[in-house]
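**Q** Please read through the structure below; I'll follow up with questions.
FYI, it's all coordinate maths here, none of it is from the lab. Just so it is clear, the model here is predicted, and its values are computed rather than measured. Counting neighbours? That spans all protein chains shown, and the Cβs are built from the backbone with ideal geometry, glycine included.
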Amino acid sequence: MAEVVLVRHGQTEWSRDGRHTGRTDIPLTPEGDADAKALAARLAGRSFGLVLTSPLERARRTAELAGLSAEVEPDLIEWDYGPEEGRTTEQARETRPGWSVWDDSGLGETLDELALRSQRVLDRVRPVLDEGNDVCLVGHGHALRVLAACWLDLGPHVGQQLVLGAGRLSVLGHEHGCPAVLSWNVAT
């Protein structure tokens, strides 16, 4: 059966520092460039019927350095963190004790809105998968985690348990007809 390969963009200054990086268009660090180039070897020899990327530079550049010819998909953009953009969880908790991004209170976009975008991406790729072609999605940590939860037909909060590092690769597919995670958070 066809598979969905998820690629999280390479390291940025903000991802390295644990800062929530939603809509701010941060470039890759030199380490992020190296992460993306290393993905090319992992993806070599693999054929995709469709490759989609977030419109943000860090994802588009990762796709390019990984040797992927990708089409921009606006729904793959990262979660809108609103007032927490650029801040770490610890900084947010200074004024909002116990806060977690997964509570989505006061963000620019709710978790359910992010899940709806994720579902639209999955609806777009399903016909390609049904034809037996693999798909590659290049995007961001939280958005890809929520997309994986949607793939598994679970609530978007399950994404909290699916840690996904910068420059990492994951594969979604099926086992005995059931949506499954085939590999997760694989370093190159």
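**Q** With +1 on the Cβ of every Lys and Arg and -1 on the Cβ of every Asp and Glu, and nothing else charged, how large is the dipole of region 1-159 about its Cα centre, in debye rounded to the nearest 20?
**A** I would put it at about 340 debye.
**Q** So for the chain, what percent of the C-alpha to C-alpha distances run longer than 28 Å?
**A** 19 percent
**Q** A further question on this structure: Kindly express, to the nearest 10 degrees and within the range 0 to 90, the angle between helix 30-43's C-alpha long axis and the longest C-alpha principal axis of the chain.
**A** For 30-43 against the chain, the angle is about 30 degrees.
**Q** Provide the FRET efficiency to the nearest 0.05 for the Q91-V158 pair, computing r from the beta carbons and using R0 = 25 Å.
**A** Plugging the Cβ-Cβ distance into 1/(1 + (r/R0)^6) gives 0.45.
**Q** Ok, one more. Beta carbons within 10 angstrom, averaged per residue: use that to sort the peptides 136-145, 103-112, highest first.
**A** Per-residue mean Cβ counts within 10 Å order the peptides as 136-145, 103-112.
**Q** Please compute the length gained on full extension between D17 and T110, using 0.36 nm multiplied by the number of residues separating them and subtracting their Cα-Cα distance.
**A** 31.1 nm
**Q** Show me the ranking of peptides 74-84, 36-46 by mean Cβ neighbours inside 10 Å, starting with the highest.
**A** Packing proxy ranking, top to bottom: 74-84, 36-46.
**Q** Continuing with this model, one more query. Could you order the peptides 127-134, 157-164, 1-8 from most to least packed, using the average number of other C-beta atoms within 10 Å per residue?
**A** Going from most to least packed, we get 1-8, 157-164, 127-134.
**Q** Something else now. Taking H as built 1.01 Å from N, whose amide H comes closer than 5 Å to the amide H of V51, not counting residues under 5 places away?
**A** Counting only residues 5 or more places away or on other chains, the set is E71, C136.
**Q** Pop out the ³J(HN,Hα) list for region 182-188 in order, Karplus 6.51 cos²θ - 1.76 cosθ + 1.60 with θ = phi - 60°, rounded to Hz; leave Gly and Pro as x.
**A** 8, 7, 9, 6, 7, 6, 8
**Q** Right, something else. On a C-alpha basis, how far is the centre of region 39-98 from the centre of region 109-167 in Å? Whole number, if you could?
**A** 12 Å
**Q** Do you know the relative contact order of region 14-171, to the nearest whole percent, from alpha carbon pairs under 8 angstrom that are 6+ apart?
**A** With pairs under 8 Å counted, the relative contact order is 27 percent.
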